[in-house]
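Heads up, the thing below is written out as structure tokens.
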Amino acid sequence: METVILIVHVFVALGLIGLVMLQQGKGAETGASFGTGASQTVFGSSGSGNFLSRSTAILATVFFVTSIGLAMIAKDKAEALTSGGVLGIPQAVETTTVQEVPAASTDVPEVGDFSVDSSETPVVDSAASSEGEPAEKPAE
């Protein structure tokens, strides 16, 4: 059923495009009102406006009906897939696992004293470093 509606939908869309392209614009009616070209129309002296307008309206109505039909079919398919796991597609199952967190231990190591002795701090001579000479190395 879906493929039939889809095929009708495509043909109606192509027909609608063709009918819109065949219609004359508003500016073309001024020449026809003075008698030029009215006798050369396929649909008689009344022009093709009435026939093409009605055909376009009918095709547009069929296009909207097939669009709504395809949307309803797509909605039904989506509901069927999510509710029952149809067509071999497994249904998504939400699982949650609870892990027990161990209690905080009290045997945390203490942080030692990291104070720096001033005798181990390197001293840089600013005069020597500005002349490009290497700075003094601290005694080890």
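The values are calculated or read from the model by the stated rules, or taken from the named source; none is laboratory data. As the structure is a computational prediction, the values presented were derived from the model and not from experiment. All Cβ positions, even for glycine, are placed from backbone atoms using ideal geometry, and neighbour counts span all protein chains on display.
Some notes on this structure:
- Looking only at residues of the range 1-47 that are over 26 Å from V65 (Cα atoms) and either at pLDDT 60 or above or in contact with a Cys (Cβ under 7 Å, 6 or more places away or on another chain) (or both), we find that the one that is surrounded by the most Cβ atoms within 10 Å (Cβ to Cβ) is Q24.
- First in the range 55-80 and at pLDDT below 95, second anywhere and not in a helix (DSSP H, G or I), Cβ under 8 Å, 6 or more apart: T56/Q23; I73/M1
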